[in-house]
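The values are calculated or read from the model by the stated rules, or taken from the named source; none is laboratory data. Only a predicted model underlies this, so the values are computations on that prediction, with no experimental measurement involved. Using ideal geometry, Cβ is built from the backbone for each residue, glycine included, and neighbour counts are taken over all protein chains shown.
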């Protein structure tokens, strides 16, 4: 799933939106923007940052997807986290309790 999200995610726009909401540092934003010609690497870096932060950052990420016209990526993440991961594990509550766990589950498959 990480590959599909990375290929469709426009990390530059999402990162800019997240920075404006104080969900990314200037250093993180500049690092992502330095990968303008490497869109998949920029997307992977943004996903790594989101996964390493609190659930609040995940919420800003999901909102940024919608606000930057990437609802298709938003829906891909939400649909996979609820359908795919829940069907693969009996302990689904542990998987869906934390927003960060949702994204980690998606990007690790």
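Would you point out the residue of region 51-66, among those that are surrounded by fewer than 16 Cβ atoms within 10 Å (Cβ to Cβ) and in a helix (DSSP H, G or I), that is modelled with the highest pLDDT? Steps first, please.
From region 51-66, those surrounded by fewer than 16 Cβ atoms within 10 Å (Cβ to Cβ) are 52, 54-56, 59, 66; that's our starting set.
Checking which are in a helix (DSSP H, G or I) leaves us with 52, 55-56, 59, 66.
Values: 52: 91, 55: 83, 56: 90, 59: 92, 66: 95.
That would be 66.
Which one is nearest to the chain's Cα centre (by Cα), of the residues in region 26-50 that are in a helix (DSSP H, G or I) and without any contact (Cβ under 8 Å) to a residue 12 or more places away in the chain? Walk me through how you get there before you give the answer.
Going through region 26-50, the residues in a helix (DSSP H, G or I) turn out to be 26-33, 39-50.
From the residues that got through so far, the ones that are without any contact (Cβ under 8 Å) to a residue 12 or more places away in the chain too are 26-27, 30, 41, 48.
Details: 26: 18, 27: 18, 30: 17, 41: 13, 48: 8 Å.
That would be 48.
Identify the residue in region 8-25 that is under 12 Å from the mean Cα position of the chain (by Cα) and in a helix (DSSP H, G or I) and, among all such residues, is modelled with the lowest pLDDT. Walk me through it before giving the result.
To start, the set of residues in region 8-25 that are under 12 Å from the mean Cα position of the chain (by Cα) comprises 8-11, 14-15, 18.
Imposing the further condition that a residue be in a helix (DSSP H, G or I) reduces the set to 8, 11, 14-15, 18.
Working: 8: 88, 11: 94, 14: 96, 15: 96, 18: 96.
Top of the filtered list is 8.
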